[in-house]
């Protein structure tokens, strides 16, 4: 049944509602487009975030859309687990996928948190000058309404089934979540499991992200925040399990697949036999990365090399990837970049760093310490900080080499600024740095690419920059979970002892040979052009998110009209690999030209 009124009531399609009734509902809804538009533009995350106004976008194609809805009424049921409406970029892409899936005969269901969770990924300590306010109220008072309301209006504009967390939680579930959060030892949260679900890892990662730190030991309110995230994790798992068992989804589409709540949705779906598809904005503009089963943080590590190393490699493909990699220095082809005016001149680099680049130099590239604190069994070190400290200590005894530590600029320029800078942590261990060790801070405009080009070798933990460096023939030693690991192009540390055995071989005094460099470029091409799937309807725009949804008509989203959407939808519905055949598309465009 439809709720009476428009606001603050609900107007959406309940799972059992006939599509013919949805036609009447949508026509009625169209008369209220200005009101929908006001709700879509409700402020979320402090940004004037604009959500797709689907009745307006559908426009003259409304009748065709309703026909497609009716045709798909018995189609494969797909969970579009948006949950966090305040993540406007995620909601926009997932609503676009929902429309595209309907046009392929599927029946997507949307899911939103309706002010239920006591903490989530959208909560950040920077938003709470008085952290006691968050400890007492969580996001409910000031964050939840501008998060839920516009996303609800967006999905109502499509009249697809819309589920809410509260509808899938009984009072007993809420009490259970509170009891677990209160009784669990905070020190044990990271390893906490509930009925076979690994909830604690995501709860702890969420709390670390909240504080923008890799540890919470020094946080006065750390335990209270962790308990909020654990309670939210349990609530998410219970709501998701109820929904999944009732609706019988065949697949679920989730942003990232980690943190609270998305990580718990993924955990439940895997346990219930629902195929999981995760996605994330890629580096290249208008591109996104999709993965089967788990977050791309994990799947990119284990992707079989057969997905790319048997490609027919051409000089044109090599030229394309080298041109793109060169553009990375300024980020003109990317959604995100970290330097406005990068310092690249050799003399300027030496002045800025104090390093004599004519001497044997080893680079070390950090990541943001709090980011994606997940369990990676292949790591040679327990965490990145341990790796950095032990590496600096090692080089303090290697006076024949210079070590340059380049701190990731995202510590200051990322969406969540770190509160645990690498420089501060290094000072705790080394009040005075060894004479042959230099640290280039996150604030420096020194180009990482220009700096590493002068290095004999580069040491990395988790940065994807290793893909770019090996493509330039620069030897790379991997100590952590970098995606370039296991690809046959880097020296991968299998243990702490093995890592130092690799360091003992420095300096290498030569670049990668021709065969290794070509293999590296093949993987770079695969990573940047084939794993990053273009969705051209996500048009670059200023602000956050860095895109808006634009289309000329519904036909633009039908099978065969958008190669990128075809790859994505075929992967969601049939389990095909999320690989965009960029080399085929390139050849086709050249043939047409």
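When both bridge partners sit in the stretch 348-465, DSSP labels roughly 0% of those beta bridges antiparallel.
Annotation for residue 126 and residue 182: the two label points, set 7 Å from Cα along the Cα-Cβ direction, are 3.5 nm apart. Under the simplified labelling scheme, the residue 558-residue 394 pair shows an inter-label distance of 5.9 nm, with each label point 7 Å from Cα along Cα→Cβ. If R0 is 30 Å, the Cβ-Cβ spacing of residue 429 and residue 464 corresponds to a FRET efficiency of close to 0.65. Compared with the alpha-carbon gap, the fully stretched path from residue 174 to residue 386 is longer by 72.5 nm at 0.36 nm per residue. Taking Cα atoms only, the orientation of helix 19-30 departs from the longest principal axis of the chain by about 80 degrees. The ranking of 440, 234 by Cβ neighbour count inside 10 Å, starting from the fewest, reads 440, 234.
Compared with the direct C-alpha span, the chain from residue 352 to residue 445 gains 32.6 nm at full extension, assuming 0.36 nm per residue. Computed extension gain for residue 191 through residue 327, at 0.36 nm per residue and net of the alpha carbon distance, reaches 44.8 nm. Once R0 is set to 30 Å, what does the formula 1/(1 + (r/R0)^6) return for the Cβ-Cβ distance between residue 306 and residue 494, expressed as a FRET efficiency to the nearest 0.05? The computed FRET efficiency comes out at 0.85. Protection proxy ranking, highest mean first, for peptides 504-512, 526-534: 526-534, 504-512, where packing is the per-residue count of other beta-carbon atoms within 10 Å, averaged. The ranking of 429, 256 from fewest to most other beta carbons within 10 Å of each one's beta carbon is 429, 256. For the stretch 289-360 versus the stretch 185-203, the inter-centroid distance based on Cα atoms is 35 Å.
When only Cα pairs below 8 angstrom with a gap of at least 6 residues are kept, the stretch 99-221 shows a relative contact order of 31 percent. Ranked for footprinting exposure by Cβ neighbours inside 10 Å, fewest first, 93, 554 give 554, 93.
With respect to the chain, whose longest principal axis is taken over its alpha-carbon atoms, helix 171-183 is tilted by about 20°. Taken along the Cα-to-beta-carbon direction at a fixed 7 Å, the label points for residue 133 and residue 315 span 6.3 nm.
Each Cα pair under 8 Å and six or more residues apart adds its separation to the average, and for the stretch 313-526 the resulting relative contact order is 24 percent. Contact order, relative form, for the chain: 14 percent (alpha carbon pairs under 8 Å, 6 or more residues apart, mean separation divided by residue count). Once the Cα atoms are used to define both axes, helix 563-574 deviates from the longest principal axis of the chain by about 70 degrees.
Secondary structure note: in the chain, about 30% of the DSSP beta bridges are antiparallel.
Just so you know, all these numbers are worked out from the coordinates, no wet-lab data involved. As the structure is a computational prediction, the values presented were derived from the model and not from experiment. Every residue, glycine among them, receives a Cβ derived from its backbone with ideal geometry; neighbour counts consider all protein chains shown.
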